[in-house]
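*Asks:* Starting off with a structure, shown below.
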Amino acid sequence: MANFPLPPNATVGLVGGGQLGRMSALAAARLGYRCHILTRETDSPAAQVSHAVTISDYHDPVSLRAFANAVDVISFEFENVSAEGLDLLAAMKPVRPAPSVLRISQDRVAEKSFLNGAGVATAPWAEVHTLTDLEASVQRLGLPAVLKTTRLGYDGKGQAMLRAPADLAPAFERLSPKPLVLEGFVDFACEISVVIARGADGTMSAFDTVENRHSHHILDLTLAPARIAPAVDAAAQAIARRVAEALDLVGLLAVEMFVDAQGQVLVNEIAPRPHNSGHWTIDACPASQFELHIRSIAGLPLPPAVRHSDAVMKNLIGPEGLALWPKALAAPGLIPHLYGKDGATPGRKMGHVTRLFPRGALPGDLGIEDALRALA
Ligand SMILES: Nc1ncnc2c1ncn2[C@@H]1O[C@H](COP(=O)(O)OP(=O)(O)O)[C@@H](O)[C@H]1O
Ligand SMILES: [Mg+2]
């Protein structure tokens, strides 16, 4: 088993080959580690900047064993490894965050049960197996409501908005036979998130609460810090700590939350990995979410997650986003990031830009629009 802290030149194994793995691998390289990526994709964003790659699906035992053999610690940028796959990896090398944490975040019902059990509020919800369940749950939770697959959803995939009784049957038809969960629709004032790292010794470092704006269910903008009342901010930070502790997390965790019209904070979902709403930390913080990810799993000291600047992050999504790349490169003040993906399909995250402001000087909406005008 590995000795922590991992010494220089040790190998970090990362499951998943996307942009989160790419940016984690870049942070690992700066700390003197090599990364070995496990991914299904050839020429993945993460493998392009890493020392080694195993190309395989996430359940082939032979590949999982070869991968585990080659690394000193295993972490994730993609969480949906099968239970058997996780057990196999954990039997060979330290897996951080632990398989138990991934099992909770992989399944919306397990996640909401865990959160509520830890005293953390969510939207009202109900498990749905049949159309009759759905009808009964809608009676209880009311409309509008959101029907979601319990597993494997991302960027709004595997979801249906229910506005009227006539929406129930077609939505159920489209999403079943997968296990489903119904959530009451939260008429939120804003969406916020907190990214927090926790070490094996229980030390925690949490970035400031940020505001997230989605377009077509995909993150479009992150504003750091969130422009929320101090009490809401305090509640969000307390929730992130409570969740990290209750999970006994070793690693990085993002907590997505809704702030409702009364200022109540409800958790939407959690992700035990770097998160799109933390990309601004690369440019606005001495140690980014990716550095804290690597530090926490490698057993290195966790610095405080402070920011030296305020920031706005804008995603470059799909063909339209990629078409903005020359402008992102040319505009003074925009910090461009491109992920190395070769096909810009609609909705695919191709890159992002960050715009920094002096700490305390994040402008209002018109100022933000102005700061990103070069991309308009
Ligand atoms: N219960 C809900 N009430 C209001 N908006 C929701 C609800 N569930 C999801 N949404 C909207 O859809 C987005 C994506 O849903 P989420 O559950 O976070 O799934 P994903 O795994 O796709 O990120 C949320 O960020 C939010 O904007
Ligand atoms: Mg989400």
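*Asks:* If you add up the charges near Leu219, with Lys and Arg at +1 and Asp and Glu at -1, over every other residue whose beta carbon is less than 12 angstrom from its beta carbon, what do you get?
*Replies:* Numbers: positive: Arg213, Lys314, Lys349; negative: Asp155, Glu191, Glu211, Asp220, Glu256.
In short, -2.
*Asks:* Same structure again: Of Lys157/Lys327; Lys148/Lys314; Lys112/Lys327; Lys178/Lys327; Lys157/Lys341, which ones are farther than 32 Å apart at the Cα?
*Replies:* In this structure, Lys112/Lys327; Lys178/Lys327 lie more than 32 Å apart at Cα.
*Asks:* If you don't mind, another one. Quick one: what are the phi-derived ³J(HN,Hα) couplings along segment 256-261, Karplus 6.51/-1.76/1.60 with θ = phi - 60°, whole Hz, x for glycine and proline?
*Replies:* Calculated HN-Hα couplings, in order: 8, 9, 9, 10, 7, 4 Hz.
*Asks:* Mind grabbing the accessible area of Asp201 for me, 1.4 Å probe, Å², rounded to tens?
*Replies:* 130
*Asks:* What does the highest-first list of 259-272, 27-40 look like by mean Cβ count within 10 Å?
*Replies:* 27-40, 259-272
*Asks:* Quick one: accessible area per residue over segment 40-153, 1.4 Å probe, rounded to a whole number of Å²? Intermediate results must be reported in sequence, preceding the final value.
*Replies:* Values: 4870 Å² over 114 residues.
Result: 43 Å² of accessible area for each residue.
*Asks:* Kirkwood Rh and Cα-based Rg: tell me the resulting Rg over Rh for segment 124-184, rounded to two decimals. Walk me through the numbers on the way to the answer.
*Replies:* Working: Rg = 10.0 Å, Rh = 11.1 Å.
Reported Rg/Rh (Cα atoms, Kirkwood Rh): 0.91.
*Asks:* Say each of Gln264 and Lys178 gets a label point 7 Å from the Cα, pointing the same way as Cα to Cβ; how far apart are those two points in nm?
*Replies:* It is 2.9 nm.
*Asks:* Keeping all protein chains in the complex and leaving out DNA, RNA and ligands, what accessible area do you get for Glu173 with a 1.4 Å probe, in Å² to the nearest 10?
*Replies:* Counting only protein heavy atoms, Glu173 exposes about 140 Å² to solvent.
*Asks:* Keeping all protein chains in position, work out how much accessible area Lys327 exposes to a 1.4 Å probe, and write it in Å² to the nearest 10.
*Replies:* Number for this one is 90 Å².
*Asks:* Could you please report the charge total around Val15, scoring K, R as +1 and D, E as -1 over all other residues with beta-carbon less than 15 angstrom from its beta-carbon?
*Replies:* Within the 15 Å Cβ shell, the charges total -1.
*Asks:* May I ask you to derive the relative contact order of the chain, considering only C-alpha pairs under 8 Å and at least 6 residues apart, and to give it as an integer percent?
*Replies:* 14
*Asks:* P(r) tail for segment 11-95, what percent of Cα pairs lie past 20 Å? Spell out each step's value before the answer.
*Replies:* On the way: 723 of 3570 pairs.
Summing the P(r) of segment 11-95 above 20 Å gives 20 percent of all pairs.
*Asks:* Run the numbers for Ala229 and Arg213: contour at 0.36 nm per residue of separation, minus the present Cα-Cα distance, in nm.
*Replies:* 4.0 nm
*Asks:* OK, next. Calculate the spin-label point distance for Phe188 paired with Ala166, positioning each point 7 Å from the Cα along the beta-carbon direction, and give it in nanometres.
*Replies:* 3.0
*Asks:* In terms of solvent-accessible area of protein heavy atoms at a 1.4 angstrom probe, what is the ranking of His293, His59, highest value first?
*Replies:* Result, largest first: His59, His293.
*Asks:* Then there's this: Let me have the 222 nm mean residue ellipticity of the chain computed from DSSP H runs of 4+ only, each contributing -39500 (n - 2.57), with the sum over all residues rounded to the nearest 500.
*Replies:* -9000 deg cm²/dmol
*Asks:* What is the sum of charges around Ser288, taking Lys and Arg as +1, Asp and Glu as -1, for the other residues whose C-beta is under 12 Å from the C-beta of Ser288? All intermediate terms of the calculation are to be shown ahead of the outcome.
*Replies:* Working: positive: Arg30, Arg295, Arg307; negative: Asp283, Glu291.
Combined, the nearby Lys, Arg, Asp and Glu give +1.
*Asks:* Taking all protein chains as present, what is the carbon and sulfur share of the accessible area of the chain, in % to the nearest whole number, probe 1.4 Å?
*Replies:* 55
*Asks:* Based only on Cα atoms, what mean projected area does the convex hull of segment 231-376 have, in nm²?
*Replies:* Result: a mean projected hull area of 10.4 nm².
*Asks:* What is the antiparallel percent of DSSP beta bridges lying wholly in the chain, to the nearest 5?
*Replies:* 80
The values are calculated or read from the model by the stated rules, or taken from the named source; none is laboratory data. Fair warning: this is a prediction, and the values are worked out from it, not measured in the lab. Positions of Cβ are generated from backbone atoms using ideal geometry, with glycine treated the same way; all protein chains shown enter the neighbour counts. When the accessible area is computed, the model is the full protein with side chains, heavy atoms only, and any ligands, DNA or RNA have been set aside. Shrake-Rupley method; radii C 1.70, N 1.55, O 1.52, S 1.80 Å.
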